[in-house]
Structure formats: structure tokens, C-alpha cells
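Student: Below are the C-alpha cells for one structure; questions will follow.
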Amino acid sequence: MTLPTHPLSVLGLEVTRVTVLMDLEMPDVSGIDAVTAIRAEFPEIRMLTSHRSDVQMLRALNTGAVGYLLKDRPGKELRDAMRRIYTEHCRVVPAVAQRLLEPKVDTLSERESEVLMSVAAGNSNKIVADKLSISEETVKTHMRSILSKLGANDRTHAVTIAVKRGVIRL
């Protein structure tokens, strides 16, 4: 990845700091994947998003984003938050920190996520079992665990909760 010529370089000034402000939700690539790719060359990445999912926030920060802002804040508040992330070297603004400190749902295993993704696609237990090469009883066991971990009442509720929290993407 190469940087475009910076306008100040024509004046003989060297650009020593590159900051990327980006969203988690983009049409062709996830923000998490983009952070990983960009950090290889440019370590200063701040995420600016309306995505309030604690799972996505943690993924972004664990992947190497050095800041995380919610873009749904009023202009002055957003400007102050951006300034705070730069000058105070805090990684997240208070609204994000508060969200990250809220009680979390238990993390779904990789297999539970696969089962839930298949259920979200509208598949019956039998079809999920066939697709994942497991028994229908194992699918039911995974679904009971998923419902318990997410605090969901039924399959549809589990999918809704998982999408809202960023546990799965549709």
C-alpha cells in the first residue's frame, strides 16, 4: 500500500504521521479486516463509527485500532472526543468505555456461531445438521447453549440479539 503524495510534500515538508479514520461497516470489506491490513504499514488507526456493538468495538481495539469514536454524537462533542483521543492518548471516549464495561454475553464458540449463522439463513435443524456434518441432536444442543448464552427466548430472538451485538453478521 502506498501513500498518495501529500500536498505538503510539494513544499519539501515530510509527512510523519498518518491517521486513518474509518468505519466498521463498509461495502466491500469489514473494518476489522481493513484495520489488520492497514496497520501493517500505518499504525495510527482511529475508528469512527455508529456501530455500538461491544463485540465489534473489542475486535477493533484488539486488532490494533488506537481509538474508537461513535459518529452519532453532536458536532462539538465529536470534535472534543477526537481531540481527546489525540491529546490525551485515550483509546476510547467515555461513551464507548461505558459500553465496554457493561455485562457481556458469554462468547459463542466457533461451532455455535456457525450454527447460528445457518439458523439466521432460515435453515431448519436438519438442514443445519447436514450442512455442518453433525447430528440434529447436536444442533439442538448448540441452540440450547446459544439461547442460554444470549439470554434469548427463541431462535429468532437469538439471531436478533447476535446481530445487534455484532456476534454474527448477515
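Coordinate-derived values only; no laboratory data. As the structure is a prediction and not an experimental result, all values here were calculated from the model. Every residue, glycine among them, receives a Cβ derived from its backbone with ideal geometry; neighbour counts consider all protein chains shown.
Student: Apply 1/(1 + (r/R0)^6) to the Cβ-Cβ distance of Arg73 and Ser148, taking R0 = 30 Å, and write down the FRET efficiency to the nearest 0.05. Spell out each step's value before the answer.
Tutor: Values: r = 35 Å, r/R0 = 1.16.
Calculated transfer efficiency: 0.30.
Student: What is the extension gain from Thr63 to Lys131, computed as 0.36 nm multiplied by their sequence separation minus the C-alpha to C-alpha distance, in nm to one decimal?
Tutor: Here the segment from Thr63 to Lys131 would lengthen by 21.4 nm.
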